[in-house]
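A short write-up of the structure that comes next.
The values are calculated or read from the model by the stated rules, or taken from the named source; none is laboratory data. Given the structure is predicted, the values throughout are model-derived calculations rather than measurements. Glycine gets a Cβ as well: all are built from the backbone with ideal geometry, and neighbour counts include every protein chain shown. Just so you know, the surface numbers come from the protein's heavy atoms only, side chains and all, with ligands and any DNA or RNA stripped out. Shrake-Rupley method; radii C 1.70, N 1.55, O 1.52, S 1.80 Å.
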Amino acid sequence: MEPNIIAFCCHYCAFTAADLAGTMRQQYPANIHIVRLPCTGKVDINMLLRAFVDEADGVMVAGCEVGSCHFLEGNIRAKKRVEYAKRKLEEVGINPEKLEMFHIAASEGPLFAQTARDFTDKIRRMIQQESQIEQGSEGQKKKEQIAEPVDNRKEENDRSTGAM
Amino acid sequence: MIVAEQKPFQEIYESVREHQNLLILGCGTCVTVCMAGGEREVGILANQIRLAAKEENRKMEVLEHTITRQCDEEFFDSTVSSSIREADAVLSLGCGVGVQHIVELFDEVPIHPGLNTQFFGANLQQGLWGERCAGCGECVLDTYEGICPVARCSKSMMNGPCGGSSNGMCEVDPENTPCAWQLIIDRMTKLNKLDKLMENQPPKNWSRDRHGGPRRTQREDMTL
């Protein structure tokens, strides 16, 4: 199954770049759900965490390049909040790399498409690794469960024969 | 205002993880201003707890509510009171006063603190707070022209600086803490009142501080 990715995009740059990517017929994964914001400075930590609570596998925040924010410093503030939200994710045991901030100018349609493809690949790999680890630990548990009765029988035999 | 900071997430989660129906109660006064326990912080913590519970496949309902002041009974209206009674436990993001006040009002519900209450402080810049008052019960600010040696001197020196004042900073934290006595002397010099410091200050009456036991204040004209 394709990962579910939410992209919070600034109206003045990354959202326009996403639009341009479409106009240029650049392909990027359809599982990316774009949320248009007036500026990435609008991004709140709760927005980012809520996306993960509501089953997002990855979240990207895409704002203007440093120095070209329409509201001067919105993208710099967003970057700080993304860093803070990463720490909050790490505290609850979620890989903080599932949340990333990107800077994409309005004219960079191909870069938006490439970023979306790369981020989707990264999240897909992370999900695969996590499920492998989970399967591995479940397999280990099953092995231990199977091994337990054998050990019990051995103990019982030991007791009946008087061996300690 | 009272300044507090959130406890480490793991400590909070360990205290509440067994409860299936948890209410996180924020406070809309001091801890909202110092960004530790207001509506926004309640939302962040609630989402973190939901995510942590999801990670370990634990069923947990987390409700959020923030009232104007946890230290005042009048703000516990019927809605929040019934939410508290219906919850398995309450995680209070109020200061230590708020937590204890909820315990006094709702003695049948387990209450967990989510904050470490720190000091009475001022907002120095966005996101930064500093201690300004120690609540000693007998204000000496008039003697020291508005700079408190009790709260701002690391050793609460009342008759001049110690030997640890260097370049105007305190030896306890030379990076961040200015020497209170440097500040007092600078201010007295500016106001041309330096001779005031020649007067020896007698030992302070600490019985009005915490040393005299828990304190209470009463306005007889206001009591019912």
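Stokes-Einstein at 25 °C, 0.890 mPa s, Kirkwood radius from Cα pairs: D for chain B in µm² s⁻¹? Numbers along the way, then the final one.
On the way: Rh = 20.2 Å.
Using the Kirkwood radius from Cα pairs, D works out to 122 µm²/s.
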Report task. Please work out how much accessible surface B:W129 shows to a 1.4 Å probe, ignoring ligands, DNA and RNA, in Å² rounded to 10. Result -> 50 Å²
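Mind checking the full-extension length gain between A:E2 and A:E55? Use 0.36 nm per residue of separation minus the Cα-Cα distance, one decimal, nm. Before the final figure, lay out the partial values.
Working: separation 53, 0.36 × 53 = 19.08 nm, distance 1.26 nm.
Contour length minus the Cα-Cα distance gives 17.8 nm.
Over chain B, what relative contact order in percent results from Cα pairs under 8 Å that are six or more residues apart?
Working: 344 pairs, mean separation 38.8, N = 224.
RCO, chain B: 17 percent.
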Requested in this report: Please give the helix B:39-55 orientation as an angle from the longest Cα principal axis of chain B, in degrees from 0 to 90, rounded to the nearest 10.
Outcome: 50 degrees
Query - Label point distance in nm, A:R117-B:N116, each placed 7 Å from Cα along Cα→Cβ - result: 4.8 nm
Report task. Give me the angle, in degrees from 0 to 90, between the Cα long axis of helix A:14-23 and the longest principal axis of the Cα atoms of chain A, rounded to the nearest 10. Result -> 80 degrees
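Roughly how crowded by other chains is peptide B:54-67, in terms of the mean Cβ count from those chains within 10 Å of each of its Cβ atoms? Show your work: numbers first, answer last.
Details: counts 6, 3, 2, 0, 0, 0, 0, 0, 1, 0, 0, 0, 0, 0.
Mean number of neighbouring Cβ atoms from other chains: 1.
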Query - Rounded to 5, percent antiparallel among DSSP beta bridges of chain B - result: 50 percent
Requested in this report: Could you pull out every residue, at least 5 positions away or on a different chain, whose amide H is within less than 5 Å of the one on A:F8? Hs are placed 1.01 Å off N in the peptide plane, and Pro or chain starts have none.
Outcome: A:V35, A:M60, A:V61, A:A62
**Report entry** Amide hydrogen neighbours beyond the local backbone of B:F119, cut-off 5 Å, H modeled
**Finding:** B:V3
Query raised in the report: Separation between the B:D195 and A:Y84 pseudo-spin-labels, each 7 Å from Cα along Cα→Cβ, expressed in nm?
Result: 5.2 nm
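Using only the Cα atoms of the protein assembly as shown, build the gyration tensor, take square roots of its eigenvalues as a ≥ b ≥ c, and label the shape rounded, prolate or oblate: rounded if a/c is under 1.5, else prolate if a/b is larger than b/c, else oblate.
On the way: a/c = 2.10, a/b = 1.38, b/c = 1.52.
Oblate, because a/c is 1.5 or more while a/b does not exceed b/c.
Nearest 0.05, what FRET efficiency do B:Q126 and B:N21 give at R0 = 30 Å with Cβ-Cβ as r? Mind dumping the intermediate values first?
Numbers: r = 36 Å, r/R0 = 1.20.
With R0 = 30 Å, the Cβ-Cβ based efficiency is 0.25.
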Query raised in the report: So what's the angle, to the nearest 10 degrees on a 0 to 90 scale, between helix A:109-161 and the longest Cα principal axis of chain A?
Result: 10 degrees
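Using only alpha carbons, build the gyration tensor for the stretch B:94-224 and give me the equivalent ellipsoid semi-axes, biggest first, whole Å.
Values: eigenvalues 231, 84, 35 Å².
Whole-Å semi-axes of the equivalent ellipsoid: 34, 20, 13.
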Report summary line: As a percent rounded to 5, the proportion of antiparallel DSSP bridges among beta bridges in the stretch A:5-128 is 5 percent
